[in-house]
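The values are calculated or read from the model by the stated rules, or taken from the named source; none is laboratory data. This one's a predicted model, so the numbers in the text were calculated from it and none came from an experiment. Note: ideal-geometry Cβ built from the backbone for every residue, glycine included; neighbour counts use all protein chains shown.
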Amino acid sequence: MKDKALEAKRAKTIKRVTTLVRVMDRGIRIPGTKQYVGLDPVIGLIPVGGDIITAFISAYVVVEAWRIKEPTSVLFEMIANIIIDALGGAIPIVGDIFDFVYRANDRNLKLLGVDLDEEKK
C-alpha cells in the first residue's frame, strides 16, 4: 500500500515539476528553429536579482525531489546544476546567453527520469 501511495505522489509531483520546467526553460519555440526559450533567461535579464529569483524557483524542483525521496546524490547534483546556472547567469551579457543554453531545470528534470526532448519525438 505504501509503495502505491508513494508512486502516486511521485507521479503528481513529476507532472507538477514538468509543467514548471516547461514554463521556465521551454516556454516558447523560436520560429524557424528547434530551440525553445522560457522565462528563466527572460527573468535572468534583470541585473543580479533575476538570477537570484530563478535560483529560488529552481530550488522548488529540488524540494519536490526531496519530498518524493530521491537519493541524496541526485539532490546534490540538482543543487550543483542550480549553482552553475546562477553563477553563469550572473556574468554580465555573457550570462544572458549562458541562461539560454544551460537549462538547469531541464537537466534536473532529466535526473528525475523525464526527458522533454524524448517526449517531443
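Under the condition of being within 20 Å of residue 66 (Cα to Cα) and loosely packed, with under 14 Cβ neighbours inside 10 Å, the residues counted in region 84-117 number 2. Under the condition of being closer than 20 Å to residue 99 by Cα and not small (Gly, Ala, Ser), which residue from region 55-75 is surrounded by the most Cβ atoms within 10 Å (Cβ to Cβ)? Here the residue is 61. Within region 14-54, which residues are touching a Phe, Trp or Tyr at 6+ places or on another chain (Cβ under 8 Å), surrounded by fewer than 13 Cβ atoms within 10 Å (Cβ to Cβ) and among the aliphatic types (A, V, I, L, M)? Of everything in region 14-54, those that are touching a Phe, Trp or Tyr at 6+ places or on another chain (Cβ under 8 Å), surrounded by fewer than 13 Cβ atoms within 10 Å (Cβ to Cβ) and among the aliphatic types (A, V, I, L, M) turn out to be 28, 30.
Quick check on residue 11: is it among the small types (Gly, Ala, Ser), in a helix (DSSP H, G or I) and at pLDDT 90 or above? When the stated conditions are applied, residue 11 does not pass them. Contact map, region 95-111: residues that are over 12 Å from residue 24 (Cβ atoms) paired with residues that are of a type in the set (Asp, Glu), Cβ distance under 7 Å, separation 6+ or inter-chain. Pairs shown: 102/85; 111/77.
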